[in-house]
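Working notes, beginning with the structure itself.
The values are calculated or read from the model by the stated rules, or taken from the named source; none is laboratory data. Fair warning: this is a prediction, and the values are worked out from it, not measured in the lab. Quick reminder, even Gly has a Cβ in these numbers, built from the backbone with ideal geometry, and neighbours come from all protein chains shown.
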Amino acid sequence: MAETINMPKLGFDMAEGTLVRWVKQVGENINKGDVLAEIETDKATVEVESPAGGVVLQLIVNQGDVVPVNAPIAVVGVAGEKVDAPLVESGKQKADVKSDEKPAPQSQGKTDSAPQALSTPQPPVSSLQSPEIKASPLAKKIARDNNINLAQLQGTGPGGRVVRKDVESALSGGQMSKVSSLQSPISSLPIVISHEDEVVQLTKLRQAIARRMTESKTSVPHFYVSHEYKMDAVMAMRKQINEYLPDNEKLSVNDFIVKAVALALREFPNLNATFAGDKVVRHGAVNVGVAVAVTGGLLTVVTKNTDQLPLRQISGDVKQKVARARDGKVKPDDIEGSTFSISNLGMYDVENFIAIVNPPEAAILAVGSAREVPVVDNGEIKAGWRMKATVSVDHRVSDGAEAAQFMQSLAKYLETPALMLV
């Protein structure tokens, strides 16, 4: 029996998605779990997997169409099976003239998606966004954001397709169209020779971040609790464990933090919750999200049932999902369903910071660097590993005392990491 596949809902605030590309065509065989299409949301370009196996009987929407969530996009069934076309409320093309699919008219002074700057000449749109150039959606977005001419790049993807790493190689190689620099023989500092204002159109991801963070800071009453953790035991255990693991499976400090947070949340379900008007929904599952820096913003990848997983499995799961996020190939399950988030800037040598709650979650943990610093121990000054972290909490859900107790519980696991192994 034929099964209709709908536009998935990725995140509580997603209303629609753009169908970027059909991976399978009518008449092709498809297995359950195979990638059917790529869609673009406010967050990322996502691969949509087929929930059913069989033959693609019908593609209901066109590439470039903006489709409401839960609206039908395709039908999969048995070869030769007759199906009636489901009704689609919206088959409209992107009003902003989607550059991934077709060039913008040259005769117009501006388009909805990329207003022309009054003071800064813009590069010809057609030369950057020719529909005949084979490129991944993420590669096109990065090229568009940085004014890189895709026609000048050699693609290394399948069939010569330009992929993300090709554009990033062009950027790192200095092939940027608007700013050039010279190296000073005296100071070895770059001399910027262009001082023109630059108008950068926000990507859909950046727009979503701006909207959601503004809503969070204006509608969620935040409060913050900070704590400094002794990390000597974690650093020692990590070193010992990693001696037995291959390079691609070695544990990071963040893996220990994710596991410790998950276990502490079991003791404080009020922080693993959502505010819902006249009630608080305490989630049965502990799904820890980890913020990941991607081109033009950040995504949160989610490890499900984190409290029940061993450290090595958490590490592998996070690594795989981070890689997909940065390659623009996230799956719907990678980025939805988090109940608590961690934002870790430790790799950037950040001592401490605060993060904004990611609705509908009730709290987020901001983590700084684990540093070897002078500490006082039993009246003696010695070297020790310390890490600062701050939890941001929705005051409608919890209060300072509970947040402080949560941070103490987190210290219990980080300072006695053997508890994470039993």
When GLU81 is run through (1) charged (D, E, K, R); (2) modelled with pLDDT under 85; (3) within 29 Å of the chain's Cα centre (by Cα), the failure sits at (3)
Only one of (1) closer than 30 Å to GLY277 by Cα; (2) touching a helix residue (DSSP H, G or I) at 6+ places or on another chain (Cβ under 8 Å) does not apply to SER392, and that is (2)
In contact with a strand residue (DSSP E or B) (Cβ under 9 Å, 6 or more places away or on another chain) and surrounded by 14 or more Cβ atoms within 10 Å (Cβ to Cβ): does that describe LYS250?
no
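If you go through the range 360-411, how many residues are hydrophobic (A, V, I, L, M, F, W, C) and either free of Cβ contacts under 8 Å to residues at least 24 places away in the same chain or over 21 Å from ILE257 (Cα atoms) (or both)? First the steps, then the outcome.
If we filter the range 360-411 for residues that are hydrophobic (A, V, I, L, M, F, W, C), which is where we start, we get 362-367, 370, 373, 375-376, 381, 383, 385, 387, 389, 391, 393, 397, 401, 403-404, 406-407, 410-411.
Going one step further and asking which of them are either free of Cβ contacts under 8 Å to residues at least 24 places away in the same chain or over 21 Å from ILE257 (Cα atoms) (or both), we end up with 373, 375-376, 381, 383, 397, 401.
The total comes to 7.
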Tally of residues being surrounded by fewer than 20 Cβ atoms within 10 Å (Cβ to Cβ), in a strand (DSSP E or B) and within 24 Å of the chain's Cα centre (by Cα) across the range 48-78:
2
Kindly provide the set of residues from the range 14-34 that are of a type in the set (A, V, I, L, M, F, W, C), surrounded by 15 or more Cβ atoms within 10 Å (Cβ to Cβ) and within 20 Å of ILE335 (Cα to Cα), ordered by number.
MET14, LEU19, VAL20
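Rundown of residues vs (1) in a helix (DSSP H, G or I); (2) in contact with a strand residue (DSSP E or B) (Cβ under 6 Å, 6 or more places away or on another chain), yes/no style:
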| site | (1), (2) |
| --- | --- |
| SER369 | no, no |
| VAL375 | no, yes |
| MET387 | no, yes |
| MET407 | yes, yes |
| LYS412 | yes, no |
I'd like to verify a number: residues in the range 317-352 that are surrounded by 15 or more Cβ atoms within 10 Å (Cβ to Cβ) and over 14 Å from the mean Cα position of the chain (by Cα), how many?
6
